[in-house]
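The values are calculated or read from the model by the stated rules, or taken from the named source; none is laboratory data. For clarity, every value in this text was computed on a predicted model and none was experimentally measured. Cβ atoms come from the backbone with ideal geometry, glycine included; neighbour counts cover every protein chain shown.
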Amino acid sequence: TKKMGYQEMKEMPQVLKPALLLLTLLQIIFMASPGLRAWGWFVCLTAILEFITAIGVFGAVFFDLLFTKSGQWVLIELGYSAVFCVCSALNTIYYFCNIFYHFNFWFLLATIISVLLVLAYGLNTLVHWTTRTGTTSTSSTSNQATAGPPPSAYPAGINPA
């Protein structure tokens, strides 16, 4: 039976889509709330790119678009999740350092949200890393990693060791 996008959102890898959308929205709100204009361009750029990507991915999965079922979609999710995990980790360091310069409740909330984003993107990366298929090369040369199972019976006189 074919599942609709909304039902898929309730299962593990897809439940991260609305969570990432909400977390990126909260990050932008908490980032802009202090009113300080000393934000680095990297933090602003990554927050906006993460939010736009989260909207696109959420919409694609929610409306059950055809390309989300392809093998390349797993690689796309793996790629953006890994990049945004690293970017969110850098943002977390930036937020953490700024807590000591301009202590503000909003900085604290932005730091917490950024840590949650690192964990969510990391989990999304891990899930898509383990579920990727069709990415291994099929080589005709047989080595230890690609060899088939050993024969069940060896001919007489041959030592299998």
For the range 63-77, name all the residues that are without any contact (Cβ under 8 Å) to a residue 60 or more places away in the chain, touching a helix residue (DSSP H, G or I) at 6+ places or on another chain (Cβ under 7 Å) and surrounded by fewer than 18 Cβ atoms within 10 Å (Cβ to Cβ). F63, F67, W73
I'm trying to understand the selection: among the residues of the range 106-131, which are of a type in the set (S, T, N, Q) and closer than 15 Å to A82 by Cα? S114, N124, T125, T130, T131
Can you name the condition, by its number, that Y95 falls short on among (1) surrounded by fewer than 16 Cβ atoms within 10 Å (Cβ to Cβ); (2) in a helix (DSSP H, G or I)? (1)
Among (1) surrounded by 15 or more Cβ atoms within 10 Å (Cβ to Cβ); (2) in contact (Cβ under 8 Å) with a residue 60 or more places away in the chain, the one test that T111 misses: (2)
Going through the range 2-31 one residue at a time, which ones are modelled with pLDDT of 80 or more and either among the small types (G, A, S) or on the phi > 0 side of the Ramachandran plot (or both)? A19
